Structures are given as C-alpha cells and as structure tokens.
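Enquirer: There's a structure below that I have some questions on.
Nothing in this text is a laboratory measurement; each read-out follows from the coordinates by a stated rule. Bear in mind the structure is a predicted one, so any value in this text is a computation, not a measurement. Glycine gets a Cβ as well: all are built from the backbone with ideal geometry, and neighbour counts include every protein chain shown.
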C-alpha cells in the first residue's frame with residue numbers, strides 16, 4: 001500500500017531506489033536491477049530464463065554461482081549477488097523506517113503471499129535471510 005517497486009538504479013554515483021530507479025530504467029535499462037525475488041527463486045546452478053525486459057545479465061565467479069551483472073555510473077560493468085542487492089534495498093528501507101520511528105529496527109518482518117512454488121519460496125526466504133544477516137538485522141516470517 002505504501003511501498004514502491006524494488007528497483008535499484010546505478011546510473012549515478014549514489015544508487016537510486018523505487019520510482020526514481022524505475023524512471024532511470026526508461027533511458028538506461030542496463031543500469032537498473034529489479035525482479036530480485038524472481039531471481040532468488042531459481043536454483044543458482046541452473047541457467048536462468050532471462051526476461052526480455054531485463055537490461056542486466058548474469059555471470060558467476062568461484063564463490064557465487066549466480067551474480068547479476070549491470071552497468072555502473074562510471075561506465076564499468078559490476079556484478080553482485082541477489083542477496084547483496086536485496087540488502088541494499090533493505091538498507092534503504094531501514095533508513096526510511098528509522099526516520100519514521102526514530103530508531104533502527106532490530107528485525108524485519110516478511111509476509112509471503114506469492115505465486116511461487118514452495119521450494120522457490122524457500123530459496124527466496126533464504127536469500128532475504130542472507131540479506132538481513134549482511135545488515136545485522138533479524139529476519140522474521142509473518143504468518144497470518
């Protein structure tokens with residue numbers, strides 16, 4: 001109800017999020033990353049079906065079987081894991097929450113109402129838990 005789409009733009013030195021990042025996508029799609037939940041849902045060692053809307057690509061290294069590769073403001077290509085990029089999004093959210101309530105929350109709650117299959121949902125949860133660990137904040141699954 002109050003959120004924005006989970007887009008990150010690397011067009012400028014300081015990343016942009018949400019609506020501002022989605023605006024950058026129109027002119028510079030290779031600088032914008034989105035669909036992290038969808039990407040997290042796949043097994044990392046399986047070739048991912050790319051979406052024609054994606055301007056980013058995929059690569060790997062010895063530590064990460066699946067990295068998202070995108071263009072950066074300095075015109076270099078960068079790569080990051082989905083968990084790292086999700087941590088960036090969550091860090092942005094934490095700043096907004098802190099400005100609203102006056103303190104950084106110690107935990108974040110997630111409610112999963114998706115079309116994803118059970119095993120895909122578990123991979124997404126694992127990726128979000130990894131992102132929360134990077135930020136030193138607890139992951140809480142909310143069940144209603």
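Enquirer: Compute the FRET efficiency between residue 134 and residue 27 as 1/(1 + (r/R0)^6), taking r as their Cβ-Cβ distance and R0 = 30 Å, and round to the nearest 0.05.
Expert: On the way: r = 30 Å, r/R0 = 1.00.
It comes out at approximately 0.50.
Enquirer: Sorted by packing (mean other beta-carbon atoms within 10 Å per residue), highest first, where do 43-52, 78-87 land? Could you put the intermediate results ahead of the total?
Expert: Numbers: 43-52: 10.3, 78-87: 20.7.
Packing order, densest peptide first, comes out as 78-87, 43-52.
Enquirer: In deg cm²/dmol and to the nearest 500, what is the mean residue ellipticity at 222 nm of the chain if only DSSP H runs of at least 4 residues count, each as -39500 (n - 2.57), divided by the residue total? If you can, show how the numbers build up before the last one.
Expert: On the way: 4 runs with 53 residues, N = 144.
It comes out at -11500 deg cm²/dmol, rounded to the nearest 500.
Enquirer: Going by average Cβ density within 10 Å per residue, which order do the peptides 128-139, 94-105, 57-68 take, highest to lowest? Before the final figure, lay out the partial values.
Expert: Working: 128-139: 16.9, 94-105: 11.1, 57-68: 14.2.
The most tightly packed comes first, giving 128-139, 57-68, 94-105.
Enquirer: Calculate the spin-label point distance for residue 118 paired with residue 73, positioning each point 7 Å from the Cα along the beta-carbon direction, and give it in nanometres.
Expert: 4.6 nm
Enquirer: Provide the FRET efficiency to the nearest 0.05 for the residue 142-residue 20 pair, computing r from the beta carbons and using R0 = 22 Å.
Expert: Numbers: r = 28 Å, r/R0 = 1.27.
My answer for the efficiency is 0.20.
Enquirer: May I pose another question? I'm spelling it out carefully: the read-out is percent of Cα pairs over 22 Å apart, the candidates are [x] 34; [y] 48; [z] 40, and one was derived from this structure. Which label?
Expert: It is the value labelled [z].
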